[in-house]
Amino acid sequence: MATPSDWEDRLARWQSELELFEQLDETPWVTLAKAEAETGVSRSALRSWYRNGEIRSRLVDGPNGPQRLVQLDAVIERAAASPRIQRRAEREVSLEAQVTLLRHRVDQLERRLAALERK
């Protein structure tokens, strides 16, 4: 049975291997989870892209078994070429801008209400 220190050693070795891959290729190789978090591209889209040869990937031994890695730069490039992903990103920015405007409007209304209550 593996002890916690065995697990930590295995995880540290795996992270060292990831760093070595980055140094050798001069482009960051990341897990699908990290690529998803960094770019907003779903894992299913990432899988489709590497299966169709649209981005490179490699399979390495990870702490929980085989782990798929993709080049982050390639994911970013491919995402930029996707109209659907671009539309989604624009909607998210638009929603963020709307939230900011609404917060500003609520702040204004709160100040007006406080001024009216003081009268």
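The values are calculated or read from the model by the stated rules, or taken from the named source; none is laboratory data. The structure displayed is predicted, hence computed values, not measured ones. FYI the Cβ positions are ideal-geometry reconstructions off the backbone, even for glycines, and counts take in every protein chain you see. When the accessible area is computed, the model is the full protein with side chains, heavy atoms only, and any ligands, DNA or RNA have been set aside. Shrake-Rupley method; radii C 1.70, N 1.55, O 1.52, S 1.80 Å.
Some points to look at:
- Residue among Arg56, Arg43, Arg88 with the largest mean-square fluctuation in a Gaussian network model of the chain, springs linking Cα atoms under 10 Å: Arg88
- Net length available on complete extension from Glu38 to Ser16 is 5.9 nm, with 0.36 nm assigned per residue and the Cα-Cα distance removed.
- Fluctuation leader among Val106, Val30, Val41 - the chain, Gaussian network, Cα springs under 10 angstrom: Val106
- Paired Rg and Dmax values of the chain, which use every Cα atom, in angstrom: 22.3, 73
- Accessible surface of the chain [probe 1.4 Å, protein heavy atoms]: carbon and sulfur percent: 51
- Once the Cα-Cα distance is subtracted from the 0.36 nm per residue extended length, the Thr31 to Arg51 segment shows a gain of 5.7 nm.
- For the residues Arg68, Arg51, a 1.4 Å probe over the protein chains yields an accessible-area ranking, largest first, of Arg51, Arg68.
- Amide N of region 51-80 lying under 11 Å from the label point, which is placed 7 angstrom from the Cα of Ser5 along Cα→Cβ: none
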